[in-house]
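Heads up: the structure comes next, in structure tokens.
The values are calculated or read from the model by the stated rules, or taken from the named source; none is laboratory data. None of the values given here were measured: they were computed from a predicted structure. Note: ideal-geometry Cβ built from the backbone for every residue, glycine included; neighbour counts use all protein chains shown. Please note that ligands, DNA and RNA were not included when accessible areas were found on the heavy atoms of the full protein model with its side chains. Shrake-Rupley method; radii C 1.70, N 1.55, O 1.52, S 1.80 Å.
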Amino acid sequence: MEIAFDRMLNALKAVGEETRLRILALFRTGELTVTELVTILRQSQPRVSRHLRLLCEAGLLERYREGTWIFYRLAEGGPEGDMARAIMQYIPFSEQILRHDGERLAEIKAERKERATRYFSENAEDWDRIRTLYVSEDEVEKILLEVTADMKIDDFLDVGTGTGRILEVFAPRIGRGTGIDLSREMLSVARVNLERAKLHNCQVRQGDMYDLALADQSVDLILIHQVLHFADDPSAALREASRLLRPNGRVIVVDFAPHTLEYLRDEQAHRRLGFKDTEVIGWLEQVGLKSDPVIHLKGTELDLSIWVAH
Ligand SMILES: C[S@@+](CC[C@H](N)C(=O)[O-])C[C@H]1O[C@@H](n2cnc3c(N)ncnc32)[C@H](O)[C@@H]1O
């Protein structure tokens, strides 16, 4: 794809500076807030914000506000976004300064993961009550069974299984079910629940949604139910899910529609305040999946969206 001469010059000028090249390098994966970038780069917020503004104006990064948080990520679509990805391939990540930035980025990601894991370890026993606070789960479960009624499901995977409720719902419909979760405490509750319900075709184990440690093309149906809003890189989680999918398999994402309940960040470790339809559809398309028309459900305080992707 060609790019207009002045736009190309602008983009190259924007990255042709040490801090801004360091910033670009940090966007190899996922999205970051200004506060996180300030911590990594150890520069003042006004300076970092100025660099970010220049990178956005040049079309290399894009910014979006969600409540009081502002996120940045590589621009999607557009020749400058493609250029940023092309430049990424040549970045010498082993260079000392970039290695240190990468280490601090990894620390930030580990802290985030630790926060979410702490929340779930403290609330594991109570989760089955909390999960029904915002939407009628009966209705969601009914829809999930309806949209998969035509499928033969030998292998089922529930990513971020928590207390294993989704496994319980699908158990009678599937050959084998696996639930994967980061939190050992949630998994302990899930084991008790599966045992109590005598669901011997389901098992759970600890793992990470970014690295599910299962064979390529080994699963027919993957559910990601109320998990993506904890992810710092939702597109990477969907890429990993798509790797596991058999031909004709499906991935179903259930998550909140965009909302303004900022306190969920502090109280329940949410990172994202819901997702726009197009955002998730875009990530699915990037990994070769096509979403059916998105299903929307009204909740008491929060609305829910269901993306069924083939
Ligand atoms: C809101 S709960 C939803 C649980 C379950 N899917 C349900 O609907 O009841 C989110 C779950 O995602 C898990 N989780 C968060 N980050 C994860 C990750 N990187 N990999 C695997 N599980 C993760 C949490 O431990 C938690 O159990």
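Couple of notes before you dig in:
- Surface analysis of the range 50-131 yields an accessible area of 56 Å² per residue, using protein heavy atoms and a 1.4 Å probe.
- Selection from Gly164, Ser305, Met186, by position along the positive dipole direction of the chain (Cβ): Met186
- A convex hull fitted to the Cα coordinates of the range 214-310 yields 89 cubic angstrom per residue.
- Using equal-weight Cα scatterers in the Debye expression, the normalised intensity of the chain in log10 at q = 0.12 Å⁻¹ is -0.85.
- Separation between Cα centres of the range 280-301 and the range 180-234, rounded to whole Å: 20
- Subtracting the Cα-Cα distance of Arg7 and Trp69 from 0.36 nm times their residue separation leaves 19.4 nm of extension gain.
- Theoretical gain in end-to-end length, Leu297 to Ala110 [0.36 nm per residue, Cα-Cα removed]: 64.0 nm
- Most simply put, the range 126-309 has about 35% antiparallel DSSP beta bridges, counting only bridges with both residues inside it.
- Our note on the geometry: Cα centres of the range 99-171 and the range 48-84, 29 Å apart.
- On a per residue basis, the range 146-300 carries 43 Å² of accessible surface, using protein heavy atoms and a 1.4 Å probe.
- Straight-line cross-link reach from Lys109 at under 26 Å between alpha-carbon atoms covers these lysines, not counting any fewer than eight positions away in the same chain: Lys276.
- Cα-based helix-to-principal-axis angle, 277-286 vs the chain, degrees rounded to 10: 80
- Computed in the context of the full set of protein chains, the accessible area of the chain at 1.4 Å probe radius has 51% of its extent on carbon or sulfur.
- Taking the chain and dividing mean pair separation by its residue count, relative contact order in percent (alpha carbons under 8 Å, at least six apart): 14
- Working ranking of peptides 126-132, 273-279, 229-235 by packing, defined as the average number of other Cβ atoms within 10 Å per residue, highest first, is 229-235, 273-279, 126-132.
- At the listed q of 0.13, 0.14 Å⁻¹, the Debye profile of the range 186-265, built from one uniform point per Cα, gives log10 I(q)/I(0) equal to -0.53, -0.61.
- Trypsin sites (Lys or Arg not before Pro) restricted to the range 1-90 and DSSP loop, no more than 10 other C-beta within 10 Å: Arg42
- The range 139-252 shape via C-alpha gyration tensor axes, a/c threshold 1.5: rounded
- Under 21 Å of direct C-alpha separation, and excluding same-chain neighbours fewer than eight residues apart, Lys152 reaches these lysines: Lys142, Lys290.
- For the chain, the share of DSSP beta bridges that are antiparallel, to the nearest 5, is 50%.
- Here the range 5-91 is treated with +1 on each Lys and Arg Cβ and -1 on each Asp and Glu Cβ, and its dipole about the Cα centre works out to around 280 debye.
- Contact order relative to length of the range 22-123, as percent, for alpha carbon pairs under 8 angstrom and 6 or more apart: 29
- In degrees, nearest ten, helix 45-57 long axis to first principal axis of the chain (Cα): 90
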